[in-house]
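Have a look at the structure below before the remarks.
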Amino acid sequence: MRDHETGIGVSSSKIILIGEHSVVYGKPAIALPVPAVHAVTQTTRCLGPLRLQCSFYNGILNDGTDQIAGLRTVIPAALHVLKRPEKDVTITINSAIPAARGMGSSAAVAISVVRSLFNYFETPLERNVLLNLVGVSEKYFHGNPSGLDAAAASSTHPIFFMKGKGMEWIHHKLRGCLVIADSGIKGQTKRAVTALKQRLLQSALLRRKVNQLGVLTSSAREALETAKEEALGSILLDAHLLLQELGVSHPSLDYLVATAMKDGAIGAKMTGGGCGGCMIALVKDVRKAHDLANKLMGAGAAKTWIQPLQGRNLPVNAGFLD
Ligand SMILES: Nc1ncnc2c1ncn2[C@@H]1O[C@H](COP(=O)(O)OP(=O)(O)OP(=O)(O)O)[C@@H](O)[C@H]1O
Ligand SMILES: C[C@@](O)(CCO)CC(=O)[O-]
C-alpha cells in the first residue's frame, strides 16, 4: 500500500445553539459546525520518533506536557486502529479555533489529527471510528463528555443530538445569522460540568431547570423547522436565563447577552461549557450581524465571528477518505 506524501485532515469548530449541560443528563441538544473557524492537520513522513508541532508544543509526542495529553492518547489509539507503528511521521496542527472558549477546540483538533492520519495511510475512516477515537481524548479534557462537541464539529450540517442515542441532521428553513462573541475569559467546561453535577445532587429545583432546558431544545427544533425566528430568539434567551440559574454563566457573558438584546438581537445566550468562553446572538441577516458584531466588540468582546444559519459549509470531507 502506498502512503500519501502528506495526509491532510480538517475539522470545523462548533457552536451549541441550545442544550449544553442538559445534554449530559440525557436531554437533546442542537449544535452546528462553524466551518469558517477550523483546524487543519498535516501528517508528513519523518524518520524517527513521532513528532508533534502545534501552538502548545513542538517536539517528540511522548515527551509532551499535560497540555497535549489528549493528543498523546488519541494519536497512538488511531495508529493502533491503522495497525501502524508510533514512528516515522510528523503531525503538524494549525488551528484558528480559540482554546477553551466553547468552540470545541479540543474535539476539532483531535478530529483533524485523526482525519489526517487516516488520509496519510490511505485508509477510509468511518464516522463511528472517528467519533470513538476522538472520544478518547475528549474524556481526558471533559471527564465524561456527552460526545456533542465531536459530533457537531465533524458534521456538515446542524445536528439534533442525544447522548448515547446518536444524532440527526436538521434541515431547517430559518434565514437568520448567528453572531458569536468571545468574552475573552477562558471557559472551564470540565469544572462547570463537575460543579453542576454536585449542585444537581442537592437541588430538585435545579434538576427541574435541566428538564426545562430539554423542553426548550425540542421547541427550538420546531422553531427552526417552521422558520419561526422570533420564537427561536425568545427560546435562546430563556435558555440563557436557565443556564445562569444553573450557575454556569459568567458576568462577562451576561453582559454581552444584555448588550446584544439591547442592540437588536432577536435572542442571545451563552454557548458551550460556560464560566467564560463565548456567547451567541441571533439576528435577522448578515448586515445586522456585522452591526451587532461591531457593537459587541465595543462592549468588550475579544473577537467575533458570523455564522449564517443557512451558511455554506466548508466541504470538510472533500478530498479526504471519510
Ligand atoms: N491548536 C491546538 N493544538 C493542539 N492542541 C490544542 C489546540 N487547541 C486546543 N488544543 C487542545 O485542547 C485543549 C483545550 O480543551 P478545552 O476542553 O479546555 O477547550 P475546548 O475544547 O475549546 O472546550 P469547550 O468547547 O468545551 O470550551 C487544549 O488544552 C489543548 O490540549
Ligand atoms: C457542557 C457540555 O454540554 C458541552 C461542552 O461544549 C459538556 C458535554 O456535552 O459533554
Flagged as over-length at 27 Å C-alpha distance, from 14/209; 190/284; 163/209; 165/190, the pairs are 190/284
Just to be sure I understand: if I project the alpha-carbon convex hull of segment 1-135 onto a plane and average over all orientations, what area do I get in nm²? 8.4
If you build a Gaussian network model of the chain, linking Cα atoms that sit under 10 Å apart, which residue out of 165, 284, 269 swings the most? 165
Listed residues 155, 55, 218; largest mean-square fluctuation, Gaussian network over the chain with Cα springs below 10 Å, found at 55
Roughly how tilted is helix 286-298, in degrees to the nearest 10 and between 0 and 90, from the longest Cα axis of the chain? 90
Mean Cβ neighbour count within 10 Å, used as a protection proxy, ranking 100-113, 225-238 highest first: 100-113, 225-238
Rule-of-thumb Rg ratio for the chain [Cα; 2.2 N^0.38 Å; N residues]: 0.98
Where Rh denotes the Kirkwood radius from the mean inverse Cα pair distance, what is Rg over Rh for segment 177-308? 0.98
Can you tell me the 0 to 90 degree angle between the C-alpha axis of helix 105-120 and the longest principal axis of the chain, rounded to 10? 30
Computed over the chain: longest principal axis from alpha-carbon atoms vs helix 251-262 long axis, angle to nearest 10 degrees, is 60
Just to be sure I understand: with springs between alpha-carbon atoms less than 10 Å apart, which residue in 145, 98, 251 has the highest mean-square fluctuation in the Gaussian network model of the chain? 251
At each listed q (0.32 Å⁻¹), what is the log10 of I(q)/I(0) that the Debye formula gives for segment 1-52 modelled as equal alpha-carbon point scatterers? -1.13
Distance from the Cα centre of segment 19-79 to that of segment 172-243, in angstrom? 26
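Taken together, the values in this text are just the output of simple stated rules run on the coordinates, not laboratory data. Not measured: the values here are computed from a predicted model. Note that we place each Cβ from the backbone using ideal geometry, even for glycine, and neighbour counts take in every protein chain shown.
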